[in-house]
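The values are calculated or read from the model by the stated rules, or taken from the named source; none is laboratory data. None of the values given here were measured: they were computed from a predicted structure. Here the Cβ is made from the backbone with ideal geometry for all residues, glycine too, and neighbour counts use every protein chain on show. Ligands, DNA and RNA are excluded from the accessible area calculation, which covers all protein heavy atoms including side chains. Shrake-Rupley method; radii C 1.70, N 1.55, O 1.52, S 1.80 Å.
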Amino acid sequence: MTDSSHNTPLKMDVTTYDDAAVLVITGSVSISDADRLQEKLEELAAERTPVIVLDLKEMDFICSAGLGAIIVGHLKCRHHAGQIRLACPAEAVRELLEMTCLTKLFDIYDSVEEALAGE
Amino acid sequence: MIDKNIPTDLTAARHLTEEVLSLADAAGYSEDDRFAIRLALEEALINAIKHGNKFDPARQVRVSADVGNEQTTITVCDDGAGFDPSAVPDPTADENLEKPSGRGIMLMRAYMDEVSYNDYGNEVRMTKRRCTGLPHLAGHN
């Protein structure tokens, strides 16, 4: 197995809608990547996007600094009553969110569509 | 067996993590075990670089990792002043949930089977027994 299989490079793609944005996160949010995620979320929050959905289906790892980046985004969004919603986390990531009790801060949805609809 | 000093640098920390995970992979550790080892090691390295060495490039981080057939033991030591791990607030308490940091120690304890610090508080030693099943939360603080 090569190094890259342990640390799939972080890739982020944004799709914007009228009142929402979907940020697809692919790969690992590792110790050297958390700043990039935070910058992206702060950028979306600065645009006063009402709802930011993080599509976590292809995110295979996140460290506490990555979780911190999402929390910073959440705090920025709150300035304009915006919201970050999480969609489709892999099992290991879902367990991590539950263990850290971040499921109290963030709603988790089984699909991006449900997250956009908030149901 | 890995036993080396790395610079106070997040990219160096990432490469070290890759090295340890390659050994765990070669030894046939499960995906869950590798996730746990990776998470705990990254948290220990972040703490050493950020809180211990305070990103000071003149300081180093000493890391040893023994990836065996039955368990993996990792030691991470920084050049900082040390700290009292028992004084770190519970990050799962409602009043701390919105704090962006402070989850590293809790995660190391949750995902590894044994976690201990030296008296000075600048070295953490963690052991992950090769197994399956969910991580545990008991006594994470």
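Quick notes on this one:
- Anisotropy class assigned to chain A is prolate, per the alpha carbon gyration tensor with a/c at or over the 1.5 cut-off and a/b larger than b/c.
- Summed over the residues of chain B and divided among them, the accessible surface reaches 47 Å² per residue at a probe radius of 1.4 Å.
- Selected from B:Ala81, B:Ala110, B:Ala24 as most flexible by GNM, with chain B as the system and alpha-carbon contacts under 10 Å: B:Ala81
- Between B:Asn53, B:Asn96, B:Asn122, the Gaussian network model of chain B with springs among Cα atoms under 10 angstrom shows the greatest mean-square fluctuation at B:Asn96.
- Rounded tilt (10° steps) of A:34-46 against the dominant C-alpha axis of chain A: 10 degrees
- Coil-residue trypsin sites (Lys or Arg not before Pro) of the stretch B:1-56, DSSP, other Cβ within 10 Å capped at 14: B:Lys54
- Per residue, the accessible area of chain A comes to 45 Å², computed with a 1.4 Å probe over protein heavy atoms only.
- MRE, 222 nm, helices only [DSSP H, n ≥ 4, -39500 (n - 2.57), over chain A, to nearest 500]: -11000 deg cm²/dmol
- Listed residues B:Phe83, B:Phe55, A:Phe61 arranged by accessible area, highest first, probe 1.4 Å: B:Phe55, B:Phe83, A:Phe61
- Distance from the stretch B:28-52 to the stretch B:73-108 (C-alpha centre basis), Å: 13 Å
- In the stretch A:14-37, burial by the other protein chains removes 20 Å² or more of accessible area from A:Ser30, A:Ile31, A:Ser32, compared with the chain on its own (1.4 Å probe, ligands and nucleic acids ignored).
- Each DSSP beta bridge with both residues in the stretch A:3-117 is either parallel or antiparallel, and the antiparallel ones are about 30%.
- Highest-MSF residue in chain B out of B:Leu45, B:Leu21, B:Leu97 [GNM, Cα springs under 10 Å]: B:Leu97
- Minimum 40 Å² accessible area buried by the other protein chains, the stretch B:41-80 residues, probe 1.4 Å, relative to alone: B:Glu42, B:Ile46
- Percent accessible area from carbon and sulfur atoms, the stretch A:3-117, protein chains only, probe 1.4 Å: 44 percent
- Carbon + sulfur, % of accessible area of the stretch B:1-41 - ligands and nucleic acids excluded, 1.4 Å: 46 percent
- Interface residues, the stretch B:97-127 - accessible area loss of 50 Å² or more versus chain alone, probe 1.4 Å: B:Leu97, B:Glu98, B:Pro100, B:Arg103
- Positive-end extreme of charge dipole, chain B - chosen from B:Phe83, B:Gln60, B:Thr127 (charges on Cβ): B:Gln60
- Using a 1.4 angstrom probe on protein heavy atoms only, the contact between B and A buries about 2700 square angstrom of accessible area, both sides summed.
- Three-way shape label, the stretch B:2-129, alpha-carbon gyration tensor, a/c 1.5: oblate
- Rounded, prolate or oblate (a/c below 1.5 giving rounded, otherwise prolate when a/b exceeds b/c) for the protein assembly as shown by Cα gyration tensor: prolate
- For the stretch B:49-121, a crude dipole built from +1 on the beta carbon of Lys and Arg and -1 on the beta carbon of Asp and Glu, taken about the Cα centre, is about 320 debye to the nearest 20.
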